[in-house]
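The values are calculated or read from the model by the stated rules, or taken from the named source; none is laboratory data. Keep in mind that this is a model prediction, so the values were computed, not measured. FYI the Cβ positions are ideal-geometry reconstructions off the backbone, even for glycines, and counts take in every protein chain you see. Note: accessible area is taken over every heavy atom of the protein model, side chains too, but ligands, DNA and RNA are not part of it. Shrake-Rupley method; radii C 1.70, N 1.55, O 1.52, S 1.80 Å.
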Amino acid sequence: MTPNDEKIDKFQSAIHHYATQQRNKILQEVEAYRSRVLEQARQEALHETRGLIQQERAQTKNRILREMALREQEVRRDLLTRRQEITEEVFQKAKDALRAFAASEAYAAFLERAVQEAAVLFTAGDTVFCMRPEDSKWQKTVQKAFGAPCTFAQDGKIHLGGFVVRSKSLGLAADQTLDAMLEDQRAWFEANAGLSIE
């Protein structure tokens, strides 16, 4: 081998060595770049995924809350309807009992007591007792219990019994009907029957 060949070999070997180093350096840089890009893409994907998961979770939570609110409204509406039905059933039974009472002999004693209470206030001669048509048979009992002149009128709005007493000159009226007494019990019943919805 000639010294020139040896120089060429050394030169080629140095170029080859340099080229290998440069190639390795480039491969390392490419690998580092690729790793950075992949990590960045992975982080972005992870961030997007978290955002989507949080968004989906929030939407699911809102949907469930809406459904629960609607169901609660529906249940509350059903309970209110049932409470109203129970109240009406109770008051219908009370009406039936009051109708039976108004057909009994004990009704006369009720009318006498109510008229005697009214007589304290209604002292004018223009006192009128408004009664249901079926109660016209009790006019003499009312007249006797009142103990003063009075007149009678029929009132078709009274269904259960009792009377409304009026005096124009005194500017007074008193409702002593079983209808009004029963209706006055509604508020008490609703407060005390244990049917409240909370």
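Figure note: L170, L27 ranked by solvent-accessible area, largest first, 1.4 Å probe, ligands and nucleic acids not counted: L27, L170. Taking Cα centre as origin and charging only the Cβ of basic (Lys, Arg, +1) and acidic (Asp, Glu, -1) residues, the dipole magnitude of the chain rounds to 280 debye.
Annotation: per residue accessible area for the stretch 113-185 equals 56 Å², rounded to a whole number [probe 1.4 Å, protein chains only]. Applying a DSSP loop filter and a limit of 10 other Cβ atoms within 10 Å to the GluC sites (Glu not before Pro) in the stretch 72-164 leaves E105.
The residues of the stretch 5-106 expose on average 88 square angstrom of accessible surface per residue, using a 1.4 Å probe on protein heavy atoms. For the chain, the share of accessible area belonging to carbon and sulfur comes to 56 percent (1.4 Å probe, ligands and nucleic acids excluded). Within the listed set Q54, Q73, Q12, the Gaussian network model of the chain (springs between alpha-carbon atoms below 10 Å) gives the highest mean-square fluctuation for Q12.
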